[in-house]
Amino acid sequence: MTYRAENADAVVIGAGPNGLVAANALVDAGWDVVVVEAEDEVGGAVRSAELFPGYISDLFSAFYPLAAASPVVQDLGLEGHGLVWRRSASPVAHVVSPERAAVLWSDVDRTAAALDDFAPGDGSAWLEMFATYQRVRPAVLDALFTVFPPVRAILSFLRRTRVAGLADLARLAITPAHRLGEENFAGEGGRVLLSGNAMHSDLGPNGDGGGFMGWLLVMLAQDVGFPVPEGGAGRLAGALRSRAESGGAQFRCGTAVDRIHVQHGSATGVHLADGTRITARRAVLADVAAPALYTHLLAGTDVPERMAPDLRRFAWDHSTVKLNWALDRPIPWRTPVLGNAGTVHLSGSAGTLLRSGLQLQAGDLPEQPFVVLGQMARADPTRAPEGCESAWAYTHLPQSMAHDEQAIATVIRRAKAALEDAAPGFGDAVVGEVVQRPADLEAMDRNLVGGAINGGTSALYQQLFFRPTPGLGRPETPVANLYLASAGAHPGGGVHGACGWNAARAALSAHGRLGAVHRALTQTAWNRLLRNNP
């Protein structure tokens, strides 16, 4: 492909989901956009491949409740660019013991009935929790997916629930998942669904804010399911690229940006590893890990000295090990109802989850690791030959063990043992296996440092205006016309596109009718924040 002149209104570094959403927002506003991606294909951690003949495997992320709920993604109309969502009858289930599972069904009344089997009254508690979610859903999603502070969302929430409701939500936002489960459910079913979904982040069942994470994911599962793109995760990325290209965006894949040019305190373009220079007339948006932006892509003289200690304190989320399988039959679950679930947690009781989370937080290898398993053909039959299954599982280990082959082998062995316990004969069904170690994940997507899949810890000390470092909680950086568009920015990890959308909107505002005022206020705020104390 022949590329046009080496300049554009904006350069987007990285074609992960956030970079792709940013490109779409900018072309919709009439900007010329060039997207530069180091890998040969777009998608970042939203890619798929035929690892085994006839089987489609998602290489990183797989289920997309946040994308299905995100107004950012939904308003793009990606169905017009080939995206088709598929769902399983049960979005998520949790193996409490080899013979018993908590199942969240697409039908809320069926979920409630299943939870009543664990403890009478837990079904009513679930229905009440879901009704509360439905009342606050628009305000909560608005708060999650817009820049900080979410003033409009707070006002909307007050209109719906008044001050008492806002106080309840504020408490939910800091309550650990284990505690939230104890307060709302007498039986194990509801408790493990909350704590298990909290473990999708690095907060764990005992971390502040984990209750909100668990609550949000189970409520989204009940609301929109855990949908998957028909034909593989890469179809979602492909639809985003197709839409951006239809608006005029240009893509350069297979070459990395190695430097951002800065003149007089303002980003003016990028230099590529192949020697190309692209001038950015208005903005550079970086869908890259926050430390990489400040310590690799920018010269040291362009980064305020005051940021150095904050960057050294930046904390990654846990490392990830992922196993991919081709099976010649469905998974032989002890509890057959699990065959209906797209996502299955193999993690035992709420107490076991708590211990596993605490061991990870302590830097130890969990004795009974939290394992997330996906059986993709349950939702999308195109992923495997008829009667077969395309499955994967992932688990976590401390960042300090990301390159410890003995620790990796141990956690893999423990994860497989948990699976074999829940599905005796699983190993006999495997006709192909590919292991992705933390180093493999990072090699395929340099944003996944040490196998961290959320762009940095979700702990409260690195969220809101502390993300990625203490600052404004916004995509603007101390360098004018440079915007952080990755999961390193608020609101953080997950495939929702909000980080990219917020960065694009900030760039558009800085060059809009009141752009001069916007830029002056932003620069003044950064100058005051980063001023060295006497």
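The values are calculated or read from the model by the stated rules, or taken from the named source; none is laboratory data. A quick note: this is a predicted structure, and the numbers were derived from the prediction, not measured. Neighbour counts are summed over all protein chains in view; Cβ atoms, including those assigned to glycine, are modelled from backbone coordinates with ideal geometry. When the accessible area is computed, the model is the full protein with side chains, heavy atoms only, and any ligands, DNA or RNA have been set aside. Shrake-Rupley method; radii C 1.70, N 1.55, O 1.52, S 1.80 Å.
Evaluated against (1) aliphatic (A, V, I, L, M); (2) open to solvent by less than 20 Å² (accessible area, probe 1.4 Å); (3) part of a loop (DSSP other than H, G, I, E, B), residue 136 falls short on exactly one condition, (3).
Return the residue satisfying two criteria in turn: it lies in the stretch 269-281 and is touching a His at 6+ places or on another chain (Cβ under 7 Å) and surrounded by fewer than 19 Cβ atoms within 10 Å (Cβ to Cβ), and of such residues it is nearest to residue 474 (Cα to Cα). The residue in question is 271. Among the residues of the stretch 167-191, the ones that are free of Cβ contacts under 8 Å to residues at least 40 places away in the same chain, under 21 Å from residue 459 (Cβ atoms) and open to solvent by 20 Å² or more (accessible area, probe 1.4 Å) come to 6 in all. Would the stretch 228-237 turn up any residue that is over 22 Å from residue 47 (Cα atoms) and touching a helix residue (DSSP H, G or I) at 6+ places or on another chain (Cβ under 8 Å)? Scanning the stretch 228-237 turns up no residue that is over 22 Å from residue 47 (Cα atoms) and touching a helix residue (DSSP H, G or I) at 6+ places or on another chain (Cβ under 8 Å). Taken over the stretch 78-114, the criterion of being assigned to a loop (DSSP other than H, G, I, E, B) and either at pLDDT below 95 or open to solvent by less than 30 Å² (accessible area, probe 1.4 Å) (or both) is satisfied by 83, 88, 98, 99, 105. The strands (runs of 3 or more DSSP E) falling completely within the stretch 3-70 that include 1 or more residues that are crowded, with 24+ Cβ neighbours inside 10 Å and of a type outside the set (A, V, I, L, M) map to 33-37, 48-52, 55-58. I need the full set of residues from the stretch 455-486 which are closer than 23 Å to residue 298 by Cβ and open to solvent by 20 Å² or more (accessible area, probe 1.4 Å), in order please. If the condition is that a residue be closer than 23 Å to residue 298 by Cβ and open to solvent by 20 Å² or more (accessible area, probe 1.4 Å), then 465, 466, 470, 472, 474, 480, 481 are the ones that fit. When residue 344 is tested against (1) open to solvent by 10 Å² or more (accessible area, probe 1.4 Å); (2) touching a residue at least 60 places away in the same chain (Cβ under 8 Å); (3) in contact with a Leu (Cβ under 9 Å, 6 or more places away or on another chain), only condition (1) is not met. Taking the criterion of being without any contact (Cβ under 8 Å) to a residue 60 or more places away in the chain and under 18 Å from residue 39 (Cα atoms), would at least one residue in the stretch 230-244 satisfy it? No, there is no match, as no residue in the stretch 230-244 is without any contact (Cβ under 8 Å) to a residue 60 or more places away in the chain and under 18 Å from residue 39 (Cα atoms). Residues in the stretch 291-299: is at least one part of a helix (DSSP H, G or I) and open to solvent by 40 Å² or more (accessible area, probe 1.4 Å)? Yes, the conditions are met somewhere in the stretch 291-299.
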